[in-house]
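One structure is given below, encoded as structure tokens.
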Amino acid sequence: MNPKMLPTLVQLSDHELLERVKRLAEREREATASLIAHLAELDERRLYLAEGYSSLFTYCTQVLHLSEHAAYRRIETARITRRFPVILEMLEKGSVNLTTIGLLTAHLTQENHREVLNAARLKSKRQVEELLARLHPQPPVPSSIRKLPNASHISASPPAQYDDEPSSQLTGQGQEVATQGLSSLALMSPRGRPATVVPLAPERYKVQFTASAETYKKLRLAQDLLRHQIPDGDPAAIFDRALTALLEELAKKKVAATDRPRESRDHVPGSRHIPAEVKRAVWLRDGGRCAFVGPNGRRCTEQGFLEFHHVTPYAVGGQPTLENIQLRCRAHNGYEAELDFGTRNLPVVREQRECYLGPEKSISFEGAETQCNSVRTELGFANLHASAG
Ligand SMILES: [Zn+2]
């Protein structure tokens, strides 16, 4: 690209810029689909051999200068495309992407491919994983707790990262077991494996994360204290109870939820303080989701890190009432503050920060700080989404 292009873009209107980006993305998809079709033919003729390369992968990385990841994805797609050419058309239209094809590859047959591809149309990676879990339910994984190797024995080089690779988790059982059978040294980063949540079957998920020694002690203690209610000490059941308690506590704190809502006694007219009953009502009305609606009519779908937003800013007399308060994600709250700042010349005041726990994406498990004592916990349990959502 001509480096002089950047300064010229400043002159585009917002509309022109948005339209141009859409067109460019379309052209990129067309180019990718076309490259994949040509790679499929090159692969068939095995032209890379005569060119002095042992594989199409080497050819792609060394001659075409694709990253290993990009080469892997394109070759995999090129090969499946020979069996199901309809994929090319879908890639070009953007109704499926390379990640989706990677996830589906092992599951497509002559009989089902149209139906499965159609069901995966415009779906996110998570949704495609759920689709596959419905197609091929996996048996629940047993709960397990394992001590990880001492950090000093862990190779400093980063582990082979195939988490994002197609079907590495979902072809599931075989591959996952094979992975676990390898030397754990090769698999563990110094902080342990990244936390994963993988759908196994409808309503069943495998959750895996690395816990610190402290967390492990808490789990053991909870197992002891709950022995009469959860005799087998199943971590999945304990985890569910812990999350239920946590969500109740968070709801009380963040959403000002209570079993017995009462009128707030301490609201002072003109105060910036948002009364608890207003917060509750706003949260319920907005469905625990950012209520920003763009000029194109699209409402934001963010459910994590929500904040209370004054529609008419507090600085110009906006009141903390149900009518004037809405939920916003952090990005949209900041965006609107900037708009207000620009158009009304107000001092930028951050809205009051109130964070909620959205569905799974806001749940994060910290890896072990004390690696030498870290313990990997694997929980196979049902209805995580029902509990969290
Ligand atoms: Zn938003």
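The values are calculated or read from the model by the stated rules, or taken from the named source; none is laboratory data. Since the structure is predicted, the reported quantities are computational estimates derived from the model, not experimental observations. Cβ: placed from backbone, ideal geometry, glycine included. Neighbour counts: every protein chain shown.
Is at least one residue of segment 360-372 more than 16 Å from the ligand (Cβ to nearest atom), modelled with pLDDT of 90 or more and over 25 Å from the mean Cα position of the chain (by Cα)? Before the answer, list the steps.
Going through segment 360-372, the residues more than 16 Å from the ligand (Cβ to nearest atom) turn out to be 360, 363-372.
Restricting the remaining residues to those that are modelled with pLDDT of 90 or more gives none.
No, segment 360-372 contains no residue that is more than 16 Å from the ligand (Cβ to nearest atom), modelled with pLDDT of 90 or more and over 25 Å from the mean Cα position of the chain (by Cα).
Where helices (runs of 4 or more DSSP H) fall entirely within segment 93-211, those with at least 2 residues that are out of contact with any His (no Cβ under 6 Å at 6 or more places or on another chain), closer than 22 Å to I75 by Cβ and at pLDDT below 90 are at 173-181.
Modelled with pLDDT of 80 or more, surrounded by fewer than 16 Cβ atoms within 10 Å (Cβ to Cβ) and either more than 16 Å from the ligand (Cβ to nearest atom) or basic (K, R) (or both): does that describe R289? Lay out the reasoning, then the answer.
Details: modelled with pLDDT of 80 or more: yes; surrounded by fewer than 16 Cβ atoms within 10 Å (Cβ to Cβ): no; either more than 16 Å from the ligand (Cβ to nearest atom) or basic (K, R) (or both): yes.
Taking the combined requirement at face value, the residue does not satisfy it.
Check whether at least one residue in segment 245-264 is away from the ligand (no atom under 16 Å from the Cβ) and modelled with pLDDT of 90 or more, and report yes or no. No, every residue in segment 245-264 fails to be away from the ligand (no atom under 16 Å from the Cβ) and modelled with pLDDT of 90 or more.
Among the criteria (1) in contact with a helix residue (DSSP H, G or I) (Cβ under 7 Å, 6 or more places away or on another chain); (2) touching a residue at least 40 places away in the same chain (Cβ under 8 Å), the one A106 does not fulfil is (1). Number of residues in segment 269-285 that are in contact with a Leu (Cβ under 8 Å, 6 or more places away or on another chain) and surrounded by 17 or more Cβ atoms within 10 Å (Cβ to Cβ) equals 3. Close Cβ contacts (under 8 Å, 6 or more residues apart or on different chains) running from residues in segment 332-348 that are at pLDDT below 75 to residues that are within 16 Å of the ligand (Cβ to nearest atom) and among the hydrophobic types (A, V, I, L, M, F, W, C) comprise V348/A337.
Among the residues of segment 308-333, those identified as in contact with a strand residue (DSSP E or B) (Cβ under 9 Å, 6 or more places away or on another chain) and within 10 Å of the ligand (Cβ to nearest atom) are H309, L327, R328, C329, R330, H332, N333.
If the condition is being closer than 12 Å to H332 by Cα and more than 9 Å from the ligand (Cβ to nearest atom), then segment 292-302 contributes V293, G294.
How about segment 282-315: which of its residues are among the hydrophobic types (A, V, I, L, M, F, W, C), farther than 22 Å from S271 by Cβ and in contact with a Phe, Trp or Tyr (Cβ under 9 Å, 6 or more places away or on another chain)?
Looking only at segment 282-315, we keep the residues that are among the hydrophobic types (A, V, I, L, M, F, W, C), and these are 282-284, 290-293, 300, 305-306, 308, 311, 315.
When the remaining residues are screened for being farther than 22 Å from S271 by Cβ, the result is 284, 290-293, 300, 305.
F292, C300, F305, listed by residue number.
Can you spot a residue in segment 60-79 that is over 22 Å from E130 (Cα atoms), surrounded by fewer than 17 Cβ atoms within 10 Å (Cβ to Cβ), touching a residue at least 24 places away in the same chain (Cβ under 8 Å) and touching a helix residue (DSSP H, G or I) at 6+ places or on another chain (Cβ under 6 Å)? Within segment 60-79 (the criterion being over 22 Å from E130 (Cα atoms), surrounded by fewer than 17 Cβ atoms within 10 Å (Cβ to Cβ), touching a residue at least 24 places away in the same chain (Cβ under 8 Å) and touching a helix residue (DSSP H, G or I) at 6+ places or on another chain (Cβ under 6 Å)), the answer is no, since none of the residues qualifies.
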